[in-house]
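J.: Before I ask anything, let me first share the structure, which is written out below as structure tokens.
The values are calculated or read from the model by the stated rules, or taken from the named source; none is laboratory data. Since we're looking at a predicted model, the values are computed, not measured. All Cβ positions, glycine included, derive from the backbone under ideal geometry; neighbour counts span all protein chains shown.
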Amino acid sequence: MSPRLHQFDEFATCVNALAELITGDLKQGIAEEGVATLALSGGSTPKALFEQLSHASIDWANVRITLVDDRCVEPEDQASNTRLVRETLLRWAASAAEFHPLHRPPLTGDILLGEASEMLRNQFSRYDHVLLGMGDDGHTASIFPGAAISEQALNPENPASVMLSEKAEAGYFRITQTLSQLLQADRISLLVKGPGKLDLLNEILQQGDNSPYPIARFLFQQQVPVDIYAAKQ
């Protein structure tokens, strides 16, 4: 199964198309299961997508949302993905959705992992849609190239649903869902913007499943369909 690439000249057009896809997946999940589930990545790229989805005509009261990963900072911190979702998505129509953060201060260490694992087990045994991003170094979620947790976090047989970075990655300690947990999905999407990331994406697509970048383990697995939404600018 190869990832499907949807390429756009303008970011706004790309966001519109991906918002339509996610909306359809959530509506289908509600129709089939009564509740739809969504896992989201943070960073600056998906902000416009979240703002658009906040107005989508969905029965948001029957949607559960969590994060693919988060920085271990206070939820009011500018670097917090929890803050990003609350300020850009959980407004307007989408304010009715259930939101279950991964990082819950003041919990730390094994206690934080235990609470996050239990939350995922109870609320997110599967996902209708998982949204990923990609860093300039090819990382996704909070799984960085060469990080101490990367091999285990990217092992599809790993029984753990979440892991904590053992040191600060790109300036922060982080909590992340593992590949094995995120593959419990009906669909994975990747949102990419800008010429630098497009060049990296094309390199990874050419390398295929031999690519050393963490995102490649999501793109070339054979369990879940992947749609890549890429904008030149």
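J.: Go through (1) over 14 Å from Met1 (Cα atoms); (2) assigned to a loop (DSSP other than H, G, I, E, B); (3) modelled with pLDDT of 95 or more for Leu200 and report which single condition fails.
T.: Tallying (1) over 14 Å from Met1 (Cα atoms); (2) assigned to a loop (DSSP other than H, G, I, E, B); (3) modelled with pLDDT of 95 or more, Leu200 fails exactly one: (2).
J.: Also, quick follow-up: Got a number for residues in the range 207-233 being surrounded by fewer than 16 Cβ atoms within 10 Å (Cβ to Cβ) and either farther than 18 Å from Leu191 by Cα or of a type in the set (Gly, Ala, Ser) (or both)? Walk me through it before giving the result.
T.: We begin by selecting, within the range 207-233, every residue surrounded by fewer than 16 Cβ atoms within 10 Å (Cβ to Cβ); these are 207-210, 212, 222-223, 225, 232-233.
If we keep only those that are either farther than 18 Å from Leu191 by Cα or of a type in the set (Gly, Ala, Ser) (or both) as well, we get 207-210, 212, 222-223.
Count: 7.
J.: If you don't mind, another one. Could you please find all residues in the range 101-132 being assigned to a loop (DSSP other than H, G, I, E, B) and without any contact (Cβ under 8 Å) to a residue 24 or more places away in the chain? Can you show your working first?
T.: If we filter the range 101-132 for residues that are assigned to a loop (DSSP other than H, G, I, E, B), which is where we start, we get 101-108, 124-126, 128.
Once the filter is applied, which keeps residues that are assigned to a loop (DSSP other than H, G, I, E, B) and without any contact (Cβ under 8 Å) to a residue 24 or more places away in the chain, the range 101-132 yields Arg104, Pro106, Leu107.
J.: On to the next question. Sort out which residues of the range 19-45 are under 22 Å from Pro225 (Cβ atoms), in contact with a Leu (Cβ under 6 Å, 6 or more places away or on another chain) and not hydroxyl-bearing (Ser, Thr, Tyr), and write them in order of number.
T.: Ala19, Ala36, Leu40 - these are the residues of the range 19-45 that are under 22 Å from Pro225 (Cβ atoms), in contact with a Leu (Cβ under 6 Å, 6 or more places away or on another chain) and not hydroxyl-bearing (Ser, Thr, Tyr).
J.: Do the conditions hold for Val35, that is, is it under 14 Å from Leu131 (Cβ atoms) and at pLDDT 95 or above?
T.: Working: under 14 Å from Leu131 (Cβ atoms): no; at pLDDT 95 or above: yes.
No.
J.: Among the residues that make up the range 26-37, is at least one of them surrounded by fewer than 21 Cβ atoms within 10 Å (Cβ to Cβ) and assigned to a loop (DSSP other than H, G, I, E, B)?
T.: Yes.
J.: For Ala168, which of the numbered conditions (1) of a type in the set (A, V, I, L, M); (2) out of contact with any strand residue (DSSP E or B) (no Cβ under 6 Å at 6 or more places or on another chain); (3) surrounded by 21 or more Cβ atoms within 10 Å (Cβ to Cβ) fails to hold?
T.: Unmet condition: (3).
J.: I want to confirm something. Restricting to the range 149-168 and keeping residues that are among the charged types (D, E, K, R) and part of a loop (DSSP other than H, G, I, E, B), which single residue is farthest from Gly29 (Cα to Cα)? Spell out how you get there, then give the answer.
T.: First pass over the range 149-168, keeping only residues among the charged types (D, E, K, R): 151, 157, 166-167.
Add one more test, that the residue is part of a loop (DSSP other than H, G, I, E, B), and what stays is 157, 166-167.
Details: Glu157: 26, Glu166: 36, Lys167: 37 Å.
Taking the candidates together, the pick is Lys167.
J.: Kindly list, by first and then second residue, each pair from a residue in the range 204-233 that is over 16 Å from Thr140 (Cα atoms) to a residue that is of a type in the set (A, V, I, L, M), limited to pairs with Cβ atoms under 6 Å and residues at least 6 apart or on different chains.
T.: Gln222/Met1; Gln223/Leu183; Val224/Leu183; Val224/Ala185; Val224/Ile188
J.: Between Gly146, Gly135, which is in a loop (DSSP other than H, G, I, E, B), farther than 22 Å from Ser44 by Cα and out of contact with any Lys or Arg (no Cβ under 6 Å at 6 or more places or on another chain)? Full working, then the answer.
T.: On the way: Gly135 fails: farther than 22 Å from Ser44 by Cα.
Step by step, each of Gly146, Gly135 is checked, and only Gly146 is in a loop (DSSP other than H, G, I, E, B), farther than 22 Å from Ser44 by Cα and out of contact with any Lys or Arg (no Cβ under 6 Å at 6 or more places or on another chain).
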